[in-house]
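What follows is a short report on a single structure.
Values quoted throughout were computed directly from the atomic coordinates according to the rules given, and no laboratory measurement underlies them. In this text, all values refer to a predicted model and were calculated from it rather than measured experimentally. No Cβ is skipped: glycine too gets one built from the backbone with ideal geometry, and neighbour counts run over all protein chains shown.
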Amino acid sequence: MFREPKTDMLVVGDVHGSWSQMEKAIRHAKELELDTIFQVGDYGIWHNDKGFLNQQQHLLEQWDIQLLFIDGNHENFPRLYEKKILDDGTRYVRENITHVPRGSRWEWHGLTFLALGGAASIDKGHRVVGRSWWPEELITVEDIIKAQSGGPVDVMLTHDSPRTAPNSVTDDFRGQMEAIEYFGEQAMADCIDHRDRLAEVTNVTTPRLLIHGHYHMSMYGTYFHEDEDNTSGDVRGLHQGMASLNNYTMRFNFDEVKNRIKVLDTIKK
């Protein structure tokens, strides 16, 4: 599969096809002497993405940095899915840019990882089917089964946040009521259903750290999965690229995560 980071990696939130936001993130990785960037969805695969991708490839190749990403809900899925699947199951976008499909698993520096992109668009009613919205944004039963099949993992990289995890957006009752008024009850129901689907996965895979984007807000919390052992895990939500660099990127230190997992093992419900 894609290569293991030499040291830490940089995780990046939603950039929605913004070259300037990705350029800042790539330059930040270079400054930190990191060779791996992982972007957690709403990356920017779109009908006009050629310049966006080529500009990144130029910098990434120059500095020998690999960029991996999962799909969000705002991607042109037919365009993404027409790209070549490599022998390791990942999807080739550019020489240094790789899409990590839903349910992919791997191990880096003694930590196990699971990727699961996708989310429900609350603004679906304001979009056009086949032009700015595609049904492939939602995780499917097949995606759920594939993701569950390997059992527990240490780290899970998602676009959406599971219903079981603390979330400063979805836990805001007044904000949710305003969203229903603006987007409609069905749109909100679809979003809740998707978070439930994701929880079906996390309650089986019990990630000790889950990192997501999608909500355009920085958030952090600790919670219990709904498994037999009430396994505890941390969740970290990343802001989107119009926020400050420290809010839409995070440095992922493998040793720090391992040490945190040891602490989580002592937390009981």
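Suppose each label sits 7 Å from its Cα in the direction of the beta carbon; what would the Glu185-Asp265 distance come out to in nanometres?
4.9
List the lysines whose alpha-carbon lies under 20 Å from that of Lys50, not counting same-chain residues fewer than 8 positions away?
The qualifying lysines are Lys24, Lys83, Lys84.
How big is the charge dipole of the chain about its Cα centre, in debye rounded to the nearest 20, if each Lys and Arg gets +1 on its Cβ and each Asp and Glu gets -1 on its Cβ?
Values: 29 positive and 42 negative charges, 84 e Å.
For the chain, the charge dipole is close to 400 debye.
From the backbone phi of region 160-165, what are the Karplus-calculated ³J(HN,Hα) couplings (6.51 cos²θ - 1.76 cosθ + 1.60, θ = phi - 60°) in whole Hz, Gly and Pro given as x?
Rounded to whole hertz, the list is 7, 10, x, 4, 6, 8.
Using only the alpha carbons of region 24-108, determine the length spanned along each of the three principal axes and report them from longest to shortest in whole angstroms.
Projected onto the principal axes, the Cα atoms of region 24-108 cover 35, 33, 21 Å.
Once the Cα gyration tensor of region 36-75 is diagonalised, what are the square roots of 5 times its eigenvalues, in whole Å and ordered largest first, as equivalent ellipsoid semi-axes? List each step's numbers first, then the result.
Numbers: eigenvalues 70, 39, 3 Å².
They are 19, 14, 4 Å, listed from largest to smallest.
Please list the non-local residues whose amide H lies under 5 Å from the amide H of Gly72, H modeled 1.01 Å from N, same-chain partners needing a gap of 5 or more.
For Gly72, the qualifying residues are Asp42, Tyr43, Gly118.
Would you mind ranking Thr158, Thr170, Thr222 so that the residue whose beta carbon has the fewest other beta carbons within 10 Å leads the list?
Working: Thr158 30, Thr170 18, Thr222 14.
With the sparsest Cβ surroundings first, the list reads Thr222, Thr170, Thr158.
Could you give me the ³J(HN,Hα) list for region 115-125, computed from phi with Karplus coefficients 6.51, -1.76, 1.60 and θ = phi - 60°, whole Hz, x at Gly and Pro?
Karplus-based 3J(HN,Hα) across region 115-125 equals 10, 8, x, x, 5, 8, 7, 5, 9, 3, x Hz.
Among DSSP beta bridges lying fully in region 116-269, give the percent that are antiparallel, nearest 5. Show your work: numbers first, answer last.
Working: 6 of 15 bridges.
Within region 116-269, antiparallel bridges account for around 40 percent of the total.
Taking a temperature of 25 °C and a viscosity of 0.890 mPa s, what whole-number D in µm²/s does Stokes-Einstein yield for region 155-237 with Rh from Kirkwood over alpha carbon pairs?
Details: Rh = 13.1 Å.
In µm²/s, the coefficient rounds to 187.
Cut-off 15 Å, label point 7 angstrom out along Cα-to-Cβ of His109: give me the residues of region 235-257 whose amide nitrogen falls inside.
250-257
Between Arg102, Arg127, Arg208, where does the largest GNM mean-square fluctuation fall for the chain, given springs only between Cα atoms within less than 10 Å?
So, out of Arg102, Arg127, Arg208, the one fluctuating most is Arg127.
Using only Cα atoms, locate the centre of region 192-265 and the centre of region 3-19, then give the distance between them in Å, rounded to an integer.
For region 192-265 versus region 3-19, the Cα centre distance is 16 Å.
Each residue of region 57-73 in turn: what ³J(HN,Hα) in whole Hz from Karplus with 6.51, -1.76, 1.60 and θ = phi - 60°, glycine and Pro shown as x?
Rounded to whole hertz, the list is 4, 4, 5, 4, 5, 4, 9, 6, 10, 9, 10, 10, 8, 9, 7, x, 9.
Pick out, from Gly175, Ala243, Trp133, the residue whose Cα sits farthest towards the positive end of the charge dipole of region 127-269, with +1 on the Cβ of Lys and Arg and -1 on the Cβ of Asp and Glu.
Ala243
Let me know the charge dipole size of region 112-166 about its Cα centre in debye, to the nearest 20, where only the beta-carbon of Lys, Arg (+1) and Asp, Glu (-1) is charged. Don't skip to the answer; put the middle values down first.
On the way: 5 positive and 7 negative charges, 36 e Å.
Dipole about the Cα centre, nearest 20: 180 debye.
Sequence neighbours fewer than 8 away in the same chain don't count; with that in mind, list the lysines whose C-alpha is under 20 Å from Lys268.
Within the straight-line cut-off, Lys268 pairs with Lys258.
Mind listing the long-range amide H neighbours of Trp133? Cut-off is under 5 Å, sequence gap 5 or more, other chains count too, H placed in the peptide plane at 1.01 Å from N.
The list, which skips near neighbours in sequence, is Val128.
Can you bin region 112-269 into rounded, prolate or oblate? Criterion: square roots of the alpha carbon gyration tensor eigenvalues sorted a ≥ b ≥ c, rounded for a/c under 1.5, prolate for a/b above b/c, oblate for the rest. Before the final figure, lay out each step's value.
Values: a/c = 1.73, a/b = 1.48, b/c = 1.17.
Taking the square roots of the gyration eigenvalues as a ≥ b ≥ c, region 112-269 is prolate.
Give me the number: length gained by fully extending Asp171 to Ser18, i.e. 0.36 nm times residue separation minus the C-alpha to C-alpha distance, one decimal in nm. Could the numbers behind the result be given before it?
On the way: separation 153, 0.36 × 153 = 55.08 nm, distance 2.88 nm.
In short, 52.2 nm is gained.
When DSSP beta bridges are limited to those with both residues in the chain, what percentage is antiparallel, rounded to the nearest 5?
Numbers: 18 of 40 bridges.
Looking only at bridges with both residues in the chain, the antiparallel portion is about 45 percent.
Return the calculated 222 nm mean residue ellipticity for the chain, to the nearest 500 deg cm²/dmol, obtained by summing -39500 (n - 2.57) across DSSP H runs with n ≥ 4 and dividing by the residue count.
-10000 deg cm²/dmol
How big is D for the chain, in µm² s⁻¹ as a whole number, if Stokes-Einstein is applied with the Kirkwood radius of its Cα pairs at 10 °C and 1.306 mPa s? Don't jump to the answer; show the numbers that get you there.
Values: Rh = 18.6 Å.
Value of D from the Cα-based Kirkwood radius: 85 µm²/s.
Taking neighbour counts of Cβ atoms within 10 Å as a proxy for exposure, in what order, fewest first, do Val204, Val100, Val128 appear? Spell out each step's value before the answer.
On the way: Val204 18, Val100 25, Val128 7.
In increasing order of surrounding Cβ atoms, one gets Val128, Val204, Val100.
Between Arg94 and Ile192, what's the calculated FRET efficiency when r is the beta-carbon distance and R0 is 35 Å? Round to 0.05. Don't jump to the answer; show the numbers that get you there.
Working: r = 36 Å, r/R0 = 1.03.
The computed FRET efficiency comes out at 0.45.
Would you work out which of Tyr220, Ala115, Gly41 lies farthest towards the positive end of the dipole of region 9-264? Charges go on Cβ: Lys and Arg +1, Asp and Glu -1.
Farthest towards the positive pole: Gly41.
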